[in-house]
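Participant: My questions will all concern the structure given below.
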Amino acid sequence: MSKALPLACVAIAALAGCHNPKGGVMPFTGGSTTYRSTEYSPKTATMIDLRTAEVIFTIDIPPGQELTYDFKEGEGDDPVNTPDLMRYQVSPIGTKFGRLRNSMSVPNAASRRMDVGIRTGPEYAPQPPEAVLRADQEADRPDWWTPAGGPMPDKDGTGNYDN
């Protein structure tokens, strides 16, 4: 027996619970769907129950994030009204692998519709906490440069920013 076979089995077992937004090694038509939301194209996804025209799911996808979802037929909580299970996850744009950690029971494919709309933009993604502040941001301005006011710097230029 080759050593490669056990390694391949371990790799398959490790990836069994993972998900690839682009469909993975063997993408197919019934696979997952991903919508990306950017600053100039912020998206909102809404699922409609076509039998009642009721909104059963809506999510504003934040800029810089993507919504990935798929459907599992026959895994819902009610075999008549909501026979399918929708699994979904919002993650940073460009996520290669992950798990669809959220789920809800939904109507079957003939009774549901997912609408994706573009909100009025631009909407800016929040600045990550590890980002360095720019020198011209309000928090970095000297007192004399703010509405509160304060003493002007010395003529030699010392005391402007580095006190």
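Participant: Just to be sure before I move on: is residue 63 crowded, with 16+ Cβ neighbours inside 10 Å, in contact (Cβ under 8 Å) with a residue 60 or more places away in the chain and not aromatic (Phe, Trp, Tyr) in the structure I sent?
Facilitator: yes
Participant: Could you check how many residues of the range 44-60 are exposed (fewer than 13 other Cβ atoms within 10 Å of the Cβ) and β-branched (Val, Ile, Thr)?
Facilitator: Total meeting the criteria: 3.
Participant: Here's another thing I want to ask about it. Can you pull out the strands (runs of 3 or more DSSP E) entirely within the range 45-155 that have at least 3 residues that are under 15 Å from residue 35 (Cα atoms) and in contact with a strand residue (DSSP E or B) (Cβ under 9 Å, 6 or more places away or on another chain)?
Facilitator: Filter on the range 45-155 gives 54-60, 65-72, 84-92, 112-118.
Participant: Do any residues in the range 94-115 that are under 12 Å from residue 76 (Cα atoms) have Cβ atoms under 6 Å from those of residues that are part of a loop (DSSP other than H, G, I, E, B), where the two are at least six apart or on different chains, and which pairs are they?
Facilitator: Between residues of the range 94-115 that are under 12 Å from residue 76 (Cα atoms) and residues that are part of a loop (DSSP other than H, G, I, E, B), the close pairs are 105/76; 105/77; 108/83.
Participant: Could you look through the range 109-163, keep only residues that are modelled with pLDDT of 70 or more and in contact with a Ser or Thr (Cβ under 8 Å, 6 or more places away or on another chain), and pick out the one that is nearest to residue 84 (Cα to Cα)?
Facilitator: 114
The values are calculated or read from the model by the stated rules, or taken from the named source; none is laboratory data. Everything numeric in this text was worked out from a predicted model, so none of it was measured. Please note: Cβ atoms are built from the backbone with ideal geometry, for glycine as well, and neighbour counts cover all protein chains shown.
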